[in-house]
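The values are calculated or read from the model by the stated rules, or taken from the named source; none is laboratory data. Just so it is clear, the model here is predicted, and its values are computed rather than measured. Counting neighbours? That spans all protein chains shown, and the Cβs are built from the backbone with ideal geometry, glycine included. Remember, those area values only see protein heavy atoms, side chains included, never the ligands or the DNA or RNA. Shrake-Rupley method; radii C 1.70, N 1.55, O 1.52, S 1.80 Å.
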Amino acid sequence: MPHIVVLPHVELCRDGEMFEAEPGKSICDALLDAGIEIEHACEKSCACTTCHVIVHEGFHALAPSEENEDDLLDRAWGLAATSRLSCQAKIPPDSDLVIEIPQYSINHAKESY
Ligand code: FES
């Protein structure tokens, strides 16, 4: 099974994490199953951006994003060229992933302004 490496996040996994994940499962579900409480405000229905992750390795092994996901990603805090909504991106069958959970989600960003 692919290995998922999660870079340290000050609130969600201070020391970073590594775990195995089932191919075909969404990255969001894999993170939640591993005890990493990534936000998922719309309950994984591709209607918010709170589950945004940046894929540092393995991005090209992911199935391409659909238009709806791309439209939402435009609004994500800290958007990068390898950003994905983790509830939409599925673990690929044969590639490890290195994932960063951005420090803020759009929920946090709103609170600070
Ligand atoms: S949980 Fe809302 S888009 Fe992923």
For the stretch 7-15, in residue order, the Karplus 3J(HN,Hα) values (coefficients 6.51, -1.76, 1.60; θ = phi - 60°; whole Hz; Gly and Pro = x) are 5, x, 10, 4, 9, 8, 7, 4, 9
For the stretch 3-100: accessible area per residue (Å², 1.4 Å)
52
From phi via Karplus (6.51, -1.76, 1.60), per-residue ³J(HN,Hα) for the stretch 48-64 in Hz, x at Gly/Pro
9, 10, 5, 9, 4, 10, 10, 9, 7, 9, x, 4, 6, 7, 6, 4, x
Tabulate in residue order the Karplus-calculated ³J(HN,Hα) for the stretch 69-85, using 6.51 cos²θ - 1.76 cosθ + 1.60 with θ = phi - 60°, rounded to whole Hz; enter x for Gly and Pro.
5, 4, 4, 5, 4, 4, 9, 6, 5, x, 3, 10, 4, 10, 6, 9, 8
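Once you keep just the Cα pairs under 8 angstrom separated by 6 or more residues, what percentage relative contact order results for the chain? Walk me through the numbers on the way to the answer.
Numbers: 226 pairs, mean separation 41.4, N = 113.
RCO, the chain: 37 percent.
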If amide H atoms are modeled at 1.01 Å from N in the peptide plane, then the residues at a separation of 5 or more from Ile99, or on another chain, having amide H under 5 Å from its own are Val5, Val6, Leu7, His56
Over the chain, the sum of -39500 (n - 2.57) across DSSP H runs of at least four, divided by residue number and rounded to 500 deg cm²/dmol, gives at 222 nm -4500 deg cm²/dmol
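Rounded if a/c is under 1.5, else prolate if a/b is larger than b/c, else oblate: which is the chain, with a ≥ b ≥ c the root eigenvalues of its Cα gyration tensor?
Working: a/c = 1.69, a/b = 1.22, b/c = 1.38.
Oblate.
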When the label point is put 7 Å from the Cα of Leu7 along its Cα-to-beta-carbon vector, which residues of the stretch 65-100 have a backbone N closer than 18 Å?
76-86, 96-100
Label Thr82 and Arg14 with points 7 Å out from Cα along Cα→Cβ: what is the distance between them in nm?
2.7
Run the simple label-point estimate for Ser95 and Glu37 please: 7 Å along Cα→C-beta, distance reported in nm.
3.2
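Could you tell me what percent of the accessible area of the chain is made up of carbon and sulfur, with a 1.4 Å probe and every protein chain present? The partial results should precede the final answer.
On the way: 2960 of 6200 Å².
The nonpolar share, carbon plus sulfur, comes to 48 percent.
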